Amino acid sequence: MPYGGNFSARSPGEGPVSFSFNFAGDLATSETISSATATLTVESGTDANAAALLIDTPYIIGPTTVSQDIGANPANTTGFLAGVTYAWSVTATTSAGNVLRWTMFIPVGSI
């Protein structure tokens, strides 16, 4: 899965924060994002409840960008854990039927 880079470090317990990825560089002329799914896992450190940091489902902004709110919420009131790096993976299906996958990392600072 292609690597999209690191987001800026978040603070422990922070949330919710909107994260976005723009697929424009992967789309043909006039191709758009039709649907998207996302997962949140732990790249390094420990958080047994990482997936519960995802708030609702990802949403599409304009023709090329997928966003998701991630962080403390009623399903995970603890929020981001100190010293953990999370991997946000997005799978987007395009208007041409292509499936694009990218992973971006969300590091969390120490207390």
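Taken over segment 50-78, the criterion of being at pLDDT below 95 and more than 23 Å from Asn22 (Cβ to Cβ) is satisfied by Ala72, Asn73, Pro74, Ala75, Asn76, Thr77, Thr78.
Evaluating Thr46 against the criteria (1) over 19 Å from Trp102 (Cα atoms); (2) at pLDDT 95 or above; (3) surrounded by 14 or more Cβ atoms within 10 Å (Cβ to Cβ) leaves one unmet condition, (3). Restricting segment 85-111 to residues that are assigned to a loop (DSSP other than H, G, I, E, B) and touching a residue at least 24 places away in the same chain (Cβ under 8 Å), the residue that is nearest to Asn6 (Cα to Cα) is Gly109. If the condition is being within 14 Å of Phe80 (Cα to Cα), in contact (Cβ under 8 Å) with a residue 60 or more places away in the chain and either in contact with a helix residue (DSSP H, G or I) (Cβ under 9 Å, 6 or more places away or on another chain) or in a loop (DSSP other than H, G, I, E, B) (or both), then segment 9-24 contributes Ala9, Ser11, Pro12, Gly13, Glu14, Gly15.
Of the residues screened, Leu81 is one that is over 15 Å from the mean Cα position of the chain (by Cα) and in contact (Cβ under 8 Å) with a residue 40 or more places away in the chain. Residue under question is Leu27, and the condition is that it be without any contact (Cβ under 8 Å) to a residue 60 or more places away in the chain and surrounded by 15 or more Cβ atoms within 10 Å (Cβ to Cβ); does it hold? The answer is no for Leu27. Across segment 52-75, the qualifying residues are those that are in contact with a helix residue (DSSP H, G or I) (Cβ under 9 Å, 6 or more places away or on another chain) and in contact (Cβ under 8 Å) with a residue 40 or more places away in the chain, and the one among them that is surrounded by the most Cβ atoms within 10 Å (Cβ to Cβ) is Ile70.
The values are calculated or read from the model by the stated rules, or taken from the named source; none is laboratory data. All values reported here derive from a predicted model rather than from experimental measurement. Glycine gets a Cβ as well: all are built from the backbone with ideal geometry, and neighbour counts include every protein chain shown.
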